[in-house]
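Notes for the one structure printed next.
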Amino acid sequence: MELVVKYYKRKYSGGVSMNKIVLLGRLIRDPELRELENGDKSFTKFIIAVDRNFKSADGTRKADLIPVTVWGKKAEVICKYMKKGSYISLSGRLRTGSYEDRDGNKKYLAEVVAEDFKFVGGRRTEENNMDHATGE
């Protein structure tokens, strides 16, 4: 028994973990390409709306708004081909942090750093976008 416990502690303590997020949702606005101040790396930040798997008490389906960051060439591709309302499937890792605001209150942040993505569905036409915007 002691041998099994030693093996378990050596094998599973302090080195085995996983931080993997997989999402499918719609962009809530057009992504914009940005660069670091020194100009050596490009990135984009956007928010996707991910529908929940259940309806609320009033019968509507709510969505979670999830911030996403993408770096490098992948960010350039997303900015070139994705627009507000586009479906995207992505996977990556959850990054968390905290800071103090002007009043000294601690604020917490969470975002997905996307490492891989796929475009889902066809491109929406401008006419189709207008239909969804007006509800007609």
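The values are calculated or read from the model by the stated rules, or taken from the named source; none is laboratory data. From a predicted model like this one, the values you see are computed outputs, not experimental measurements. Every residue, glycine among them, receives a Cβ derived from its backbone with ideal geometry; neighbour counts consider all protein chains shown.
Whether any residue in the range 36-44 is in contact with a Lys or Arg (Cβ under 8 Å, 6 or more places away or on another chain), farther than 19 Å from Val120 by Cβ and surrounded by 10 or more Cβ atoms within 10 Å (Cβ to Cβ) is what I want to check.
yes
Determine whether the range 47-60 contains at least one residue that is among the β-branched types (Val, Ile, Thr), farther than 26 Å from Phe119 by Cα, at pLDDT below 90 and more than 16 Å from the chain's Cα centre (by Cα).
Taking every residue of the range 47-60 in turn, none turns out to be among the β-branched types (Val, Ile, Thr), farther than 26 Å from Phe119 by Cα, at pLDDT below 90 and more than 16 Å from the chain's Cα centre (by Cα).
Can you pull out the residues in the range 65-100 that are farther than 16 Å from Asp30 by Cβ, more than 12 Å from the chain's Cα centre (by Cα) and among the hydrophobic types (A, V, I, L, M, F, W, C)?
Within the range 65-100, Trp71 is the sole residue that qualifies.
So Arg93 clears everything in (1) surrounded by 15 or more Cβ atoms within 10 Å (Cβ to Cβ); (2) touching a residue at least 40 places away in the same chain (Cβ under 8 Å) except one condition, right? Which one?
(1)
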